[in-house]
């Protein structure tokens with residue numbers, strides 16, 4: 001008697017260009033609409049990642065943005081407050097292969113209007129400079145100290161040992177702009193490296209994949225090594241993302257975390273955006289998992305009236321106040337960094353935290 005074994009064919013993996021085309025179609029035409037600032041934000045982020053990672057994009061795959069590109073001048077004149085989003089999308093489309101060459105004229109008009117001089121922060125001014133220099137115009141040519149002021153902010157590492165997500169995201173974006181998204185040396189010293197490491201420890205303790213992925217990318221762009229434990233956790237986390245239809249979940253989703261985690265995958269040589277993609281609406285859902293122990297750790301330290309910044313002395317006290325799961329994450333964080341003692345000294349806020357840089 002002969003046994004006949006039937007094998008199901010392996011699922012066909014979508015080519016990279018097809019996955020990227022589906023992503024652009026979904027973001028451009030199905031998640032939000034073109035006059036919505038959230039549409040601008042989402043599409044600027046997606047196109048920026050595709051452009052700075054050198055993804056191969058066929059000209060036909062950019063057709064989803066043809067309508068936007070055709071009317072970008074009108075949008076810019078009516079919504080000048082969004083000029084950085086609009087310039088970013090336009091320049092990335094052109095650099096990805098969109099025919100037209102409108103970016104040079106838009107940059108010249110924005111420079112003439114002086115929008116960069118009206119920005120409130122050095123980080124916003126740095127982003128405006130970075131965007132407009134792509135088409136040969138420095139809107140702040142007289143400001144010779146801008147980059148050094150930003151580097152000074154980055155070098156004050158003690159401030160990044162305390163939870164402050166806004167400052168942490170500003171730190172990563174400063175690296176992105178100074179390094180031209182990994183294309184040039186941002187000329188950062190050890191103070192900035194410690195700042196990134198401290199911010200990364202906080203993100204890891206919170207199990208905040210969105211922020212931690214940006215920090216790992218920033219470390220790489222700055223020429224520093226990202227801890228293996230962080231990137232290993234992020235790779236596993238990224239593979240567990242779900243890509244759903246709008247009927248299955250809300251568009252108020254985890255798209256940004258999905259984008260930056262896959263951006264890190266591309267930066268590390270892994271296959272990014274590996275899930276099967278649909279060209280219609282897509283919703284991105286992070287994997288469920290344990291909350292990180294950061295809040296638990298902070299509350300523990302706040303309640304201790306006699307706390308100190310000496311990790312070797314505080315370690316048994318802290319562990320005694322934490323749950324078993326929290327202890328496990330804390331242990332992984334501790335062993336991921338050679339500077340955990342210095343980080344904890346600032347995190348404890350017991351007085352006299354060191355300022356490095």
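Would you please name the residue that is nearest to residue 195 (Cα to Cα), looking only at residues in segment 160-179 that are surrounded by fewer than 18 Cβ atoms within 10 Å (Cβ to Cβ) and in contact (Cβ under 8 Å) with a residue 60 or more places away in the chain? Only one residue fits best here, namely 162. Listed here are the helices (runs of 4 or more DSSP H) enclosed by segment 210-322 that have at least 1 residues being more than 22 Å from the chain's Cα centre (by Cα) and surrounded by fewer than 17 Cβ atoms within 10 Å (Cβ to Cβ): 294-303, 311-321.
Residues being exposed (fewer than 15 other Cβ atoms within 10 Å of the Cβ), more than 25 Å from the chain's Cα centre (by Cα), part of a helix (DSSP H, G or I) and on the phi < 0 side of the Ramachandran plot are represented in segment 115-131 by at least one member.
When segment 26-50 is filtered for residues that are within 19 Å of residue 244 (Cβ to Cβ) and within 14 Å of the chain's Cα centre (by Cα), the ones remaining, listed by number, are 42, 46. Considering (1) assigned to a loop (DSSP other than H, G, I, E, B); (2) more than 17 Å from residue 126 (Cα to Cα), the lone condition that residue 191 does not fulfil carries the number (1).
Among the residues making up segment 63-95, a single one is touching a helix residue (DSSP H, G or I) at 6+ places or on another chain (Cβ under 8 Å) and at pLDDT below 95: 64. Out of 153, 160, which single residue is more than 16 Å from residue 177 (Cα to Cα) and not in a loop (DSSP other than H, G, I, E, B)? Result of the check over 153, 160: 160.
Can you confirm whether residue 44 is modelled with pLDDT of 95 or more, within 22 Å of residue 255 (Cα to Cα) and in a helix (DSSP H, G or I)? Answer is yes for this residue.
Looking at 143, 138, 148, 185 in this structure, which one is part of a helix (DSSP H, G or I), surrounded by fewer than 18 Cβ atoms within 10 Å (Cβ to Cβ), more than 13 Å from the chain's Cα centre (by Cα) and at pLDDT 95 or above? If you could, list the steps in order and put the result at the bottom.
Numbers: 143 fails: part of a helix (DSSP H, G or I); 138 fails: part of a helix (DSSP H, G or I); 185 fails: part of a helix (DSSP H, G or I).
Testing whether each residue is part of a helix (DSSP H, G or I), surrounded by fewer than 18 Cβ atoms within 10 Å (Cβ to Cβ), more than 13 Å from the chain's Cα centre (by Cα) and at pLDDT 95 or above leaves just 148.
For segment 330-344, which positions are part of a helix (DSSP H, G or I) and either exposed (fewer than 13 other Cβ atoms within 10 Å of the Cβ) or at pLDDT below 95 (or both)?
First, pick out the residues of segment 330-344 that are part of a helix (DSSP H, G or I): 330-336, 340-344.
Residues satisfying the conditions are 331, 335.
The values are calculated or read from the model by the stated rules, or taken from the named source; none is laboratory data. Just so it is clear, the model here is predicted, and its values are computed rather than measured. Neighbour counts are summed over all protein chains in view; Cβ atoms, including those assigned to glycine, are modelled from backbone coordinates with ideal geometry.
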